[in-house]
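Data block below; observations after.
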Amino acid sequence: MPDHAEPPQTSPPGSVADASAPRASRRPVKAVLFDFHGTLAQVEEPRQWVTEAAAACGVTLDRVRATSLADRLLTAGRAGGPLPARVPPRLAELWADRDLYAHAHRAAYTGLAETVDADIEGFADALYERLLVAEGWLPYPDAAPTLAALRDAGVRVAVVSNIGFDLRPHFDAWGLTDLVDAFVLSYEVGRCKPDPAIFWRACGMLGVDPEQTLMVGDTPADAGAVAAGCAVLVLPAADPGRENGLGAVLDLALPA
């Protein structure tokens, strides 16, 4: 496990940001940290997820069966949401460690998928493999323009995610890698949001102070950056393919 990040000696308390709130009490934003799922990208539509996974196993699903399987698998728990209705005791330890170790992440989610009897050989692994390819995700339409505007303005950017697999190939496939300065992934750094240490690590990798940093996410775990001294913008949930308010980041981070 990597060395743990340590807090800076002087970090004023952060705040939850509002696009209309004045920034006079804070120094200019020099870096923005972005959550991944629900902030920059969303997992593919559930029926497509199931259909594509079945096809990889050599099985063609009709619409009715695909819809039924998707509904049951979502109840069981899908990486990218929703959380499982119940975690079987045999998976409890893997579930607790899923964002800290790659093997635990895969085993937890394939184990949940296996609780649904699909009668398709290799189906659980095929479902998981959809997470590992860019085609299994859909970036929000305002993600690329927002990242590009920050890069043009000289604002540093990091992706900070609780996740058990590498996101860099996805950003490569989407042509976004050059717009991100650092990837801070929980399974690589050994810390998960809302632990302040993961945000301190991100700030350290970017060479900025937390008080000059804005964290952008969509969950209470992302809002944990306040405890690290960062400002926070929490975005509303949005369906794949629809803008989710990332433009507000530019209002907060860039000079008027």
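Residue pairs, Cβ under 7 Å, 6 or more apart or interchain, first in region 107-122 and more than 17 Å from residue 90 (Cα to Cα), second open to solvent by less than 30 Å² (accessible area, probe 1.4 Å) and not small (Gly, Ala, Ser). List them.
118/69
Using the structure shown, decide if residue 39 is of a type in the set (Ser, Thr, Tyr) and open to solvent by 50 Å² or more (accessible area, probe 1.4 Å).
no
Suppose we filter region 210-256 for residues that are within 18 Å of residue 181 (Cα to Cα) and either open to solvent by 40 Å² or more (accessible area, probe 1.4 Å) or of a type in the set (Lys, Arg) (or both); how many remain?
Number of matching residues: 1.
Working only within region 161-209, note down all residues that are touching a Phe, Trp or Tyr at 6+ places or on another chain (Cβ under 7 Å) and either surrounded by 19 or more Cβ atoms within 10 Å (Cβ to Cβ) or at pLDDT below 95 (or both).
161, 163, 164, 167, 170, 180, 187
Scan the helices (runs of 4 or more DSSP H) fully inside region 119-199 and keep the ones with 3 or more residues being within 13 Å of the chain's Cα centre (by Cα).
Once the helices (runs of 4 or more DSSP H) in region 119-199 are filtered for at least 3 residues that are within 13 Å of the chain's Cα centre (by Cα), what remains is 168-174.
Filter region 138-160 down to residues that are touching a strand residue (DSSP E or B) at 6+ places or on another chain (Cβ under 9 Å) and open to solvent by 20 Å² or more (accessible area, probe 1.4 Å), then give me how many there are.
Here the count works out to 4.
Look at residue 106 and say whether it is of a type in the set (Lys, Arg), surrounded by 20 or more Cβ atoms within 10 Å (Cβ to Cβ), under 19 Å from the mean Cα position of the chain (by Cα) and assigned to a helix (DSSP H, G or I).
yes
Report yes if some residue within region 61-73 is at pLDDT 95 or above, assigned to a loop (DSSP other than H, G, I, E, B) and open to solvent by 60 Å² or more (accessible area, probe 1.4 Å); otherwise report no.
yes
Residue 239 is checked against (1) assigned to a loop (DSSP other than H, G, I, E, B); (2) without any contact (Cβ under 8 Å) to a residue 40 or more places away in the chain and fails just one. What number does that condition carry?
(2)
Determine whether residue 255 is touching a residue at least 40 places away in the same chain (Cβ under 8 Å), over 18 Å from residue 81 (Cβ atoms) and touching a helix residue (DSSP H, G or I) at 6+ places or on another chain (Cβ under 9 Å).
Here the answer is no, as residue 255 does not meet what is asked.
The values are calculated or read from the model by the stated rules, or taken from the named source; none is laboratory data. Note that the structure is predicted; figures quoted are calculated from it, not measured. Glycine gets a Cβ as well: all are built from the backbone with ideal geometry, and neighbour counts include every protein chain shown. Ligands, DNA and RNA are stripped out before the accessible areas are found, and what is left, the full protein with its side chains, is counted by its heavy atoms. Shrake-Rupley method; radii C 1.70, N 1.55, O 1.52, S 1.80 Å.
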